[in-house]
Each structure stands twice: as structure tokens, then as C-alpha cells.
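Inspection log for the structure reproduced underneath, given as C-alpha cells.
What follows is calculated from the coordinates using simple rules that are stated; it is not laboratory data. Everything numeric here is computed off the predicted structure, so don't read it as measured data. Positions of Cβ are generated from backbone atoms using ideal geometry, with glycine treated the same way; all protein chains shown enter the neighbour counts.
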Amino acid sequence: MRYSGLRVIKEALTGHRGWKPAWRNPEPQKDYDFVIIGAGGHGLATAYYLARHYGKKRIAVLEKGWIGGGNVGRNTTIVRSNYLLDGNEPFYEYSLKLWEGLEQELNYNAMVSQRGILNLIHNDAQRDAFIRRGNAMILNGADAEMLSVDQIRREYPFLNFDNARFPITGGLAQRRGGTVRHDAVAWGYARAADSLGVDIIQNCEVTGFRIENGTCKGVETARGFIGAGKVASCVAGSSSHLMAKANMRLPIESTVLQAFVSEGLKPVMPGVLTFGAGHFYCSQSDKGGLVFGGDPDRYNTYAQRGNLPAIEDVCESGMALVPAIGRARLLRIWGGNVDMSMDGSPIIDRTDIGGLYFNGGWCYGGFKATPASGMCYAHLLATDTPHEVAQAYRFDRFRRGNMIDEKGMGPQPNAH
Amino acid sequence: MTQPNRLSGGRIDTGTALTFSFDGVDYQGHPGDTLASALLANGVRLMGRSFKYHRPRGPLTSGSEEPNALVQLRTGARQEPNTRATTAELFDGLTAASQNRWPSLRFDALAINDRFSNFLTAGFYYKTFMWPATFWEKLYEPVIRRAAGLGSLTLQEDPDVYDKGFRHCDLLVIGSGPAGLSAALTAGRAGADVILVEEDFLFGGRLNAETYGLTDTSTQGWVAMVMSELESLPNVRCMSRTTLYGVFDHGIYGALERVSDHVAVPADGKPRQILWRIYARRAVLCAGAIERPIAFENNDRPGIMMAGAMRAYANRWAVTPARTVAVFTNNDDGHRTAVDLMAKGVGVAAVIDTREDAPKIAGCEILAGAQVIDTSGRLGLSSIKVRRADGKVQTISCGALGVSGGWNPNVHLTCHQRGRPVWNEAIAAFVPGGDGPPGLGVAGAANGAFSTAAALASGSTQALAALDDIGIKGRAIDLPRAEDAPLRISAYWHVPGGKGRGWLDQQNDVTVKDVKLAHQENFRSVEHLKRYTTLGMATDQGKTSNMGGLAIMAELTGKPIPEVGTTIYRPPYVPVAIAALGGRARGAHFHPTRKTPSHDWAAQRGATFVETGNWLRAQWFPVAGETSWRESVDREVRAVRGSVGVCDVTTLGKIDIQGTDGAVFLNRVYANAFAKLAVGKTRYGLMLREDGIAMDDGTTARLAEDHFVMTTTTANALAVYRHLEFARQCLWPDLDVQLISTTEAWAQYAVAGPNSRAVLHKIVDPEFSIDNESFPFMACGEITVCGGLRARLFRISFSGELAFEIAVPTRYGDALMRRIMDAGEEFNICPYGTEALGVMRIEKGHAAGNELNGTTTALNLGMGRMVSKKKDSIGSTASEREGLNRPDALRLVGIKPTDSSAKITAGAHLMNSEGPVDAAHDQGYVTSAAYSPVLNSAIGLAFLKDGANRMGETMRLVSPVTNDNTTVEVVSAHFVDPEGGRLRA
Amino acid sequence: MIIHHPLLGPRDAQEFTFLGAATLIERPDWQAEDAQEQFHDYLHLRDNPAGEHRELWFHETGDRSWLVVTRNTLTHEITNVEMARDVARQKGRSK
């Protein structure tokens, strides 16, 4: 069924009896051509593009819990393509372009809102680095703009310009950046994939892989064995845990990134803002909550919750930058398990096991990558060759010394 | 002024009148009132508007779980949005305003939304507003954003201060109702260190709101007696106005004390709030229970509230929301409200009980087996429509309705570590599942023990068990006799039938219909329900609403409630001001400020300072007549290259390395050879990470056979020290080597320029020769200066001139700087800052932070050959990977504009002189740029593909983000004195 | 979190800096035949278990000891804390 304003009106006048389920609850079949593990944003997008753009059929998405229950449902909703390195920027810019047409493509309003993202600058070295980055963005076809303090004052007059420990000296803006209603992304992809015949099977945890002679034949699940031509892991946050069942060790450690939302407030924050001298980024949701975050908790964890030092650090940074939010109240804290990779960049690649594919290592930046990750993974699954913009996201880059290290922190995952 | 709905009694001080205003109208209340109780006393039921439909709303509860009565409290810079009127303590002069309405609370234009509610159902926005695509940001979203949100921020800076504190205890008791008091008393008498926290400003919890409770003694008397004993015990600390907001790992609890929220302005020197971190060996959660509503049509009008809240208003605050009320219940507890209000002289029109076998109350009409099916009253309840057991519909006039759908144990804190509550059929509610945070016991109603007697007993039992766990012997205490009535309840969630809306989440306007729609569209898992409808996403985290939504979903799916699931709660228990979590780390105090010993001297010279990490460093020293920073910096550079200058380099990291294996150790942590460094010599060292990428560089001096002094960059001082300790303790634990950071112990100054030796001659004591022969380039030594002051001298040069670095104990830094300036006067010595330092190091092609950016190798830096292949050093093996050794690898080069007046932008990218300008044709980028007053030209350092073989090439330098486009020539990075003659002079 | 330092007793984890898996102690032999491969695995591959994890913490604002902490990554429960130097010796590391 097609969604539209007219449809909403018609249903409103007829008691909403016509709305159909957004997706089916299919029973798993014996086997599929493609089994995607994980009905998060990336897995659902993969299934959708595999069906829609690569014309594949007999696709299942297996989900341990509920659709969108992973990090697509627990992030700070930011989309942007302000990356520095050649291995990354084309990919994220492609993703941003897919976001720009997503709602019409999916017939689902995911509230893609390009209100802009602003990275603040506080010293000369940072300025040099952001100019380099802004140039890399433009040279890759993205948009970027250096802002003066006066320009920033006009857009964000309430920042701490006059009594700051680390004064604001400028900013790098990407006007096409912004936010997307995170849950709606999962639902939009799920609905669209389902309508193309993809079986999305919830409450169906994968408990093991059936590997014969170096080839993966399917997966053992809570609902029995499901055969597959190709099996695609897409469970960022739990990648190591899942792939260990195939005896793989990954270049990944898991930590938790906490995120925060305030009580609802009338609009104050026009776009997405990031502090360059502390760990704080912030936007305001359409509902009115300030959605903010900072750095991960740094230690390995799968607990999906964090501790006070990170919470206080984020709020200290927030108060240093935006003292005007002091009397607003923090409403809720949540934590998402994140796959921190060894260079801070993701992996979309085949594994050494035939028929077994891997997508993960998104660190805390996977949400913005959702459409491109899905498209590139679908491309890899359909063609067995990497997508043009995801060629660098290979397992062997560490062995070869081709790291994509945006932050320059080296193989210490929690530092990225 | 009269308070028409004020009753007699209560725990308020009617002898004192407090004046306050709400929406510009003045009212009076009394000490002990909350804003909500005082407004109700004045006959004001309408206190807010709902989020989506802007429906008129009054208080639903009398506590912090309040979803409706949210106001903007205070004015000006102290204005706070979304304050619950139900917990705001009344003070004289309190000013509050309603929010999320325009132009006024009574006439709200957006109440039009309510007329269109049929179009604005759950998730309608996901289905529309998609065409044309650009209209979302331009039209739809701005309209939605303006309509959304609750209260406003003034955007002024909060003038109040917030403190952080730390406390430790054996037993933390959370809540001071019957369970909490009995737990605290038990532990207090056992001699344990106890902290009792209470969210309210009165200790006693639900005992303050009830007429039933203790049977043989006065309830209030008992509370007073226990509190008096607890407060007299030196091992017990009682904290009121303190909310336990989060449970973190290993017995760390977050609490917020509202020190000054009950006064107009914090007293002098007092913070507004204190964020406590409580380290508790054990804790008992005695947080009581939260009453839940029943959904029926138009169940959201002002005047409709929880039955327990209505009773609390009457008993504790001597207030009734109306002179005639009714009660709608599915359990016996609702009946207590009718009894208590009748006792206070309030008319109870009827008790509508869903149960056929409802008990009787003398003098009150009981409608058993009946339901409330609709209500009337535009801005406040005027009547209810009841469907009686016989099917007949009856209208009953009343100004308020108390609703009780039963009580949910307050399990919130038990979920903070993702513990899941379990269903208890007997009380038709979820109780803590036993998988809560380790060390946190649960007692009383929070654990489903609803009677007063059960709460008292379980508080004591839990306290004893907790103490026993940690080896403290306690004894059961004598508890007073108390009511022990079982909760008789027949689960009842919503009144079926009818066409209207019955509210579940009153703040977010989620109705039974929305849940049905979510079910119809297959948003059936609890999380989908919540996210699709926004049920439970309001400022109360669904404390009063989640259960109803869950129960209705269970009904729709035909599953028992526990199979549908439960959503867990996340911290904080109640919202916490962001400023409180930020504490004092604001403004200039966000991070500590580190100053070098000669900071004051530099400030007296008028230096401009720059932040380098937490350090403040002199950036340049302007002199009279100079109009731009460039003028000052150029002068400083010329002075150093022409005569002599002095620069404070104290901030460099300094690590003292001692032990017989010092040289072996250094040889492993530096990529270049260090094993044979002679005593009295200094060497440049390049340190790699284990992955072969440059981590830091600096110099290390060998002062003695077993004594080395390492310097690191300012930025990496901590990380390098940590790394060295890792190497020492984890990789080579038996090397005889000891490390200590001495960054703070030594003040260090670079004295640079052709006359630097002449200046130092006047400082260094005569027995130490510093001529070129006895103290050549890269020499080091322990010396004395100024007549016996111990010092260290290094002949090293960042500027490329003849130069020394001289270090003295920190406390002499200021004096030494002044002495050097005096000694240098005859040479016109010039203090120089980090800018001139930067210019000169770029002129010399020395790498610094911009080049050591975490992705560069020794090869990139032109030091590939320094990495010794003959030894094992950290990073040497991984640096051999093919990707780090491509033939066209980036190499550090110098660049100069072909037009000497053109500027170079750091961060610009290099492109071939012909061909496209895009990422695919990128040749490299500029890391550092400066104006060289020596060369009278802009210069830059850049990483260029295969740069070593491209000297003399003309290239385009593009920086589209700054609109710069320059032609440059590739040159050696050593712009000045490439042979190094000057520094050896 | 609270870490029970073998020498100093219970300390708030905020005093420490976390590094990663304790396998970082087991630095390969640079002269091994397959040193490149060993260093690749050492540097990059992790068990990253959902459960018991041995990991390195540095007492940055304390006594500057490196500790090996055994901690459950699902519950954060700490079951053992050792001096990293002792662990390194147990692993056969010396000079």
C-alpha cells in the first residue's frame, strides 16, 4: 500500500481501518539464496537494495530481537559526509546522496532533515586540519564551508564565545548534513523490503554457521537450520560474538557509546553542532529534545549501558560550550554497543569462508552510512566484487598497511 | 485571599502565607505546599497543555512521575522549563508560567490539533510530508518544530553554581517510607554507616499521605521518632530533597540534592544543587509504588487524577481538587480515597468499581461492576458518564475523579543495569526480577509488599541481609503494629467500547486507539509500540503509562502480559539538570589551566597566550607600535636569527629514565639507534607506535651511564609516558629501568641565536665551559648557574641557530627567565613565543604536531633510513608493510609560491599543474605554513606523493574551502641553512 | 566502576586509562619466520568476548601501574586484578 497525504486523509475519515501491516511475520523457509543476519538499518537496507536494485529474490533477514533493535534504534540520528580520507569520503558522500532521495524511494517519511552540521574550531592546528578536510570533501564532490566566528554567532548566538576555556575560532560547516528519524529508517527499509518479498524473521537468533569444506551452507537458528546460498553477517555491535561461531577473530573490539536526550524544549538548536575542545555534539529533535553525546566509555563492553565518568564528561563539555542548556534536564541516557575497528573505519568484505560475508566495524558512525552500506553490501553479495565506493573496506588492509585512520589513533579501537 | 479548596489539617503551616504567581495571577499558599497543591487549593485545576493535541491538563499525580502539570518556573536567567508543579516546593515570591500554549493557557490556538486528531494518529507523519522532497526542511519541519517542544530556555547563562560531592557508606537506603525508615533504623542501630536519601522535602514517604498505616500508635509520631533517632546517630546521614537518579557499576550511585530549589535565590555561597556520587557497599531500594490509571474516554481532563494522589492532596496538603469528587477503581485502595475525602468533608458522589464484588463504604454510593465511559468539562471536569452493572448509563456531576488501576512497584532503579522485572499475577504488576544491580536489595512496595506491615518488615529484613553480606551484625528492631490489608485487585486496563479516545500517555497524547493502530500495522513488539506511538517517551519515561499500553497490546495479540514483554527504564530516574552533571567545569574552569613558572613574567611583558592542551603558552610578545601579530612574529624571528632570543619550552614533556638498562630500553622504544649514545650527548629520537606510524619525536640526553632525560612534544607528554610504562612493565618487565615524569619539576628555556652562547656565558657558572669545543652541538650536561643553582644544559636547536636549552628546578624558572633577559640586554635579547618558534621550525623543515598526525611514517617524514633494521624496536616490524612503503608514498617537502607575495594555506591540496582538480588527482596536502621573514616569502611544509623526486616541480595549490588557488614550487623542506652550519657554530 | 588495585585497594576506574586486551603483553618475536603475520594478528585481531575479558588498565592518576583486570563485558563484574608486570613474567617475558 502506498503512503500519501491523501491516504492519511482517507483513512482518517474511514476510521483507519485500511492501514495494512508495515511488514509480514513470515515463517522461515527451508532455504534462501541470501540470508542476512541482523534486521538493523544496514541489514534491512542490504536486503532492500539486493531485491530492488540487484533484482535478487529468495532473501531472508534474520533478527535476534525486533526490527531496528540494534544501533539504528539507539544513536544520535546524525547524517553527514565530512570525512577526510579518500577511503571514506566517497562512500559517505554516496550515502548522503542516497539519504537525499530515500523517502521518495521508500515511500516512507524518515524525516531526512538537512539542517546542517557545524564542527567548531578552537586552535590553529585544528583549523589547518579542518581546511584540509573541507578541501577533501569538496574535491570529492561534497559541500563544505569554513565559517568565521561572526557567522557562527549569527547562527548559534548562545554558544560560549566570551568566557570560554578554549575559545571558538571558527568552524567547518556541511550544510547538507543533518539528522534523520532513526527508527523510521529501519521501518522504511523493512516495509519496502517486505513488499519486495523479503522475509524478515524476528525473534530468530542465529546460533551457529553450518560450514562444510570451507563453505558456509546456512545458519543454525533458534527456529532451526536455514540453508543459504550466501550468508551475510550484518550485526555491528555484536560482530565478534557472531563471527566467533565461524571461528573468526576480527579486528574489532566492542565498547559502548552513551547518548542522551533532554526533556522537550521549544526550538533552540538549528542544526547539528560539535565541540572541538571537548566531547560533545548536539542537535535538537523535531519533538524538541536536545539529543547529544560525546565519546565512548573506552572500555570493552557488551552491556549496552555506561558509567558516570563518560556521562559527566559529556555534560561538562556541553556546559562549557552551551551554558544556556544548564537548566534543561537530561531525560534519558542509553547506550549502544559499537564495533570499534582497528583504524576507525568499517569492513564490507568477503571472508575466507566461502559464501560467508561480513559487514561491520562501523564504530560509532554507522547510522549515517546505512544507505550506502546497504547498497555496497548488496553489490558485494550480488556480484562478488566490491562496490566502487567501498573498495577500501577490506579485511586485508591491516595486513597490507592500507589503514583508513581518520583520527590517526592507530590500532587502539577505543581511541577512535 | 481565600483558598476555596483548602481543607483542614495537613502537613502545611497554615499560620504562614506565601504569595506566588501563576500565569501572572497572584495566589497564596503555605509552607509545605507544592505549586500543584497550592494551585489546587486556589481552585486552579488547569495547569498545562498536552504535547500534541494541546488538550487542557491538570495534575495527574502528586509526585515526580507527573506527566501533565509541567510549568516554567522562575523568570530571567533562572527560568527552568518543564518543572513538575507536583514537586516544586512553594516559596514566597515563586513565579510560574504555563507552557506549550499560545496565546494563553485557557485559549490555546493549537488546541485546533485536537479537532484534527483523527488525522494526527500514531505515526501519521511517516506516511506523508514527502512531496516535494525539499519542502520538508523548508515548510513541514519548521512548522512541526515550532509546534513541538514543551517549555523554553531563555538562552541566558545560568547564574547558579552546581557542586559535585562524593560519599561512602555501608548501606544506602533509597526512600524513607515505612520500608526505608525501618531499613535505616535497623542498619543505624547496628552501627553501620548509613545514608538515607529521600526525594521529597519531608521524610516519611507514603506515610505522610495516608490516614491508615500504624494501628497502635500515631503514624506521624512514629515517623518523627524514627527520624529523630536517625538524625542523632553519628553513623547515619539523612538527605532529603535528594533523588537517587542512577545506579552504576560496583555500587556507585548517582544522587542529586536540590539544595536551593525551595528558595527564591540560593543563599550566599550555596550551590543550587549537588550531584553526589555515593559509593555504597550495599543498598536497599525502598522507592514505593506508583499508581496507574485506567483508560477511558476523555480520561485526561483537569480534575481527573490518580486516586492515591487525590488522597495525598487531601491528607498531606489539606487540599481537594473539587468540592465534589468521585472515584473510579478496580481495587480496594481506591476506596481509601473515598473514605479519607469524606472524612475531610468533601462530597464523594460515587465510587465506581469495576469489580462486581466491590466492598461497601458507609455513607457512600458504590457502583459495583460499573465503569466510567466518558467525561465532560472543557477546561476542567464537570461530570462523568458511568455505565452501571445493569448497563444503564448515568451521568454524575463532580469536579474531580480519582482513578486507581492498581499500583506498580517502582522498579525503575532495578532496571538501570538492564535487569528485567517479572510479572506478579497476585498484584497484577511487574516486580523486580532479581537480576537488578548487584548489591541492591528491594524492600516494601517497590518489591510488591504493599501493606504497611509488610513494608516495615521487609525493610528491616533487607537491611539485615545486606549487613550480613558485608560482615556487620545487626538485630531485628521492634516494629510498630501496622495495617496489613492485602491488595484486592482485579486487573482492569481500559474501558472498552465507545468512539472517543482514552488516554494512556497523557503528555505525549497516546491513546488506546494509537495502540490499536500500532497493532494493526504490526508494530507489536513492546519496543515498536513505544517508538511508533511515542508511548512512554515523555518526561516521565512512562511511569504511569507503559503498563496500560502493554496490557492493551497483550489483549490485542491474545498473549499474556509477560509474554508481550516489558520495557526497561534507563537512567536518570527523574530528569537531572544538565548543569548539575556539568558541575563547576564551566566557562574558564572547563579544564584546568596549566601555567609555566615564567607565565607571570610573560604576562607582564604583554604576551598574547595560546592554549596548548591545558597549558597556556606565550604566542608572541607585541611591543609598542606593532599593529599586527605578523609584525611581532617577524621581529621575533629576525631577532633570533640576527642576535639572540629566549623561549619558554617548559611545557615539553620530560621523562627521567634511570637504570643500568636505560640505553637498551631507549633503543627499543625509539626507531633509531640509541644503544651507543655517549654520556654527555643528546640525540634526536623518533618514536613509532607498534603499527609503524610515528607517535612522537623529541630528544634524549644521556647525563650518566644509567641516567637519561627524554623530552616529548607538549601534546604527547602523557601518552608517551604511558606508552613507556607499558613497554617497561608489560613487554620487558625485567629490564633495570625506572621512569618518572618530571615535566612539572623543571622549567626549561631555549636560548637561541648567534649570541646565545655569549648570553649564557653570563649565566652559567665559570667552572663549566660551554665553548664549541667542550660543549659542541648535541652536548648535554649537569651544570650550575647563577652561582650554584643546579641546572641542566642541552645544546639542541629547534630554530636551526646556535642554541641551548637550559633547565632549572621549577621554582627558579621565573628568576632564571629574568636573569637571562638581563644578561641578554646588551645583545637586544628578544623573548619569542610559539609563533616565531613555529616559523623557524618550518624554515628548518622540522616536523611538529601537524606533521605527526597519526598517519605518517618515518618514510613520509624523510626519516625512513633512520629506522634501524638491525634491532627490534617498537614499530619496526609493522613499518615494513607494503602499504606504508609504496614507491609513490607521501614525502615531506617544502613549497614556495612562485609569486612571493602569494600566501600558502595550511590544509590546501597539491595538484599537478595540468589536469583535473579533484580527489582522484590529489597529490598531497600542506601540513604547515608560515611567512618567512628571512626569505620574504610564504613557505610551507607538505606531504607530496613521491615528493623526494619532485624537487623544482611547479604545482597548483588549491583550497576550495577557503577560495585559495596558488602556484607553488616544490623545494627542500630545509629552507634556511640546509647544511646546518649555524647550529654547529 | 571500582578496580581493586593489588597494592592500593579499591580505586575508582576513573583514575585509570584503559588500553585493551591483555594479549598486548604477548608481543611477538621480531625475528620469527612469520613475524609480519604474527605482528598483524597481535596488533589487530581480538577475541573480543561477550563475557570474561582480560584487559589492561593504567593507573594514570595513581601509581602508574599497569594492571591486568579480569572483567565480564556483559555485567562489568571484576573477578581478578593483577599487576601486569607479574602477568608478563608469567608469560615468560623478561628483558
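Per-structure values
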read-out	value
Förster radius 45 Å - calculated FRET efficiency between B:Val623 and B:Phe116, Cβ distance, rounded to 0.05	0.05
Among the listed pairs A:Lys56/A:Lys245; A:Lys30/A:Lys217; A:Lys287/B:Lys559; B:Lys385/B:Lys499, those beyond 22 Å (Cα-Cα)	A:Lys56/A:Lys245; A:Lys287/B:Lys559
Out-of-range pairs (alpha-carbon distance over 30 Å; input B:Lys52/B:Lys164; A:Lys407/B:Lys945; B:Lys360/B:Lys513)	B:Lys52/B:Lys164; B:Lys360/B:Lys513
Paramagnetic reach from B:Leu718 in segment C:38-70 [backbone N under 16 Å; point 7 Å along Cα→Cβ]	C:57-65
Which of B:Phe248, B:Phe91 has the fewest Cβ neighbours within 10 Å, and the rest in rising order	B:Phe91, B:Phe248
Computed FRET value (nearest 0.05) for B:Ala17 with C:Thr61, which takes r as the C-beta separation and R₀ as 60 Å	0.65
Translational diffusion coefficient (Stokes-Einstein; Kirkwood radius from C-alpha pairs) of segment A:314-416 at 10 °C, 1.306 mPa s, in µm²/s	100
Using alpha-carbon coordinates, inclination of helix B:332-343 to the longest axis of chain B, degrees	70
Diffusion constant of segment B:584-636 at 37 °C, which comes from Stokes-Einstein with the Kirkwood Cα-pair radius and 0.692 mPa s, µm²/s	267
Volume per residue of the C-alpha convex hull in segment B:384-423, rounded to whole Å³	116
Label point distance in nm, B:Leu789-A:Asn25, each placed 7 Å from Cα along Cα→Cβ	8.1
Area projected by the alpha carbon convex hull of chain C, averaged over all directions, nm²	6.6
Fewest-first sequence of A:Trp19, A:Trp187 by Cβ atoms within 10 Å of each Cβ	A:Trp19, A:Trp187
For q = 0.14, 0.20 Å⁻¹, Debye-computed log10 I/I(0) when each Cα of segment A:99-185 counts as one equal scatterer	-0.61, -0.94
Approximate shape of the protein assembly as shown as ellipsoid semi-axes (Cα gyration tensor, √5λ), whole Å, largest first	61, 37, 31
Inter-chain shielding of C:9-20 (mean C-beta neighbours from other protein chains, 10 Å cut-off)	5
Environment charge of B:Thr966, counting only residues whose C-beta is closer than 11 Å and scoring Lys/Arg +1, Asp/Glu -1	0
Rounded to 10°, Cα long-axis angle of helix B:546-557 versus longest principal axis of chain B	70
Cβ-Cβ FRET estimate between B:Thr608 and B:Asp918, R0 fixed at 45 Å, reported to 0.05	0.70
Normalised alpha carbon radius of gyration of chain B [divisor 2.2 N^0.38 Å]	1.24
Cα pair distances in segment A:232-331, grouped into 5 Å bins until the bin that holds the longest one, percent each	2, 12, 19, 19, 14, 12, 9, 7, 4, 1, 0
Gyration tensor (alpha-carbon) shape descriptor, segment B:924-972, a/c threshold 1.5	oblate
log10 of Debye I(q)/I(0), alpha-carbon scatterers only, for segment A:88-137 at 0.21 Å⁻¹	-0.85
Net lengthening on full extension, B:Asn828/B:Ile361 (0.36 nm per residue, minus Cα-Cα)	158.0 nm
Binned Cα-Cα distance frequencies in segment B:715-834 - 10 Å width, integer %	12, 38, 29, 16, 5, 0
Label-point separation in nm, B:Ala948 to B:His707, each point 7 Å along Cα→Cβ	3.9
Spin-label proximity, B:Asp765 to segment B:785-810 - amide N less than 13 Å from point 7 Å beyond Cα toward beta carbon	B:785-792
Zero-based 10 Å bins, Cα pair distances in segment B:562-666, whole percents	11, 23, 20, 16, 14, 9, 5, 2, 0
Segments B:25-37, B:343-355, A:254-266 sorted - mean Cβ within 10 Å per residue, highest first	A:254-266, B:25-37, B:343-355
Of all DSSP beta bridges in the protein assembly as shown, antiparallel share, percent nearest 5	75
Sorted by Cβ density within 10 Å, fewest first, the residues A:Cys204, B:Cys238	B:Cys238, A:Cys204
Base-10 log of normalised Debye intensity for segment B:509-617 (one unit scatterer per alpha-carbon) at q = 0.12, 0.18, 0.19, 0.22 Å⁻¹	-0.57, -0.87, -0.93, -1.09
Inter-site label distance for A:Thr383 and B:Thr962 at 7 Å from Cα along Cβ, in nm	3.9
Loop-located trypsin sites (Lys or Arg not before Pro) in segment B:102-205 whose Cβ has at most 15 other Cβ within 10 Å (DSSP)	B:Arg106
Isotropically averaged projected area of segment B:8-123, using the convex hull of Cα atoms (one quarter of hull area), nm²	8.2
Cα-based reach from A:Lys230 at 18 Å (exclusive), listing aspartates and glutamates while leaving out same-chain residues under 8 positions away	A:Asp31, A:Asp33, A:Glu63, A:Asp199, A:Glu205, A:Glu212, A:Glu220, A:Asp349, A:Asp352, A:Asp384
Segment A:30-124: C-alpha gyration tensor shape, a/c 1.5 cut-off, then a/b vs b/c	prolate
Degrees between helix C:35-44 axis and first principal axis of chain C (Cα, 0 to 90, nearest 10)	30
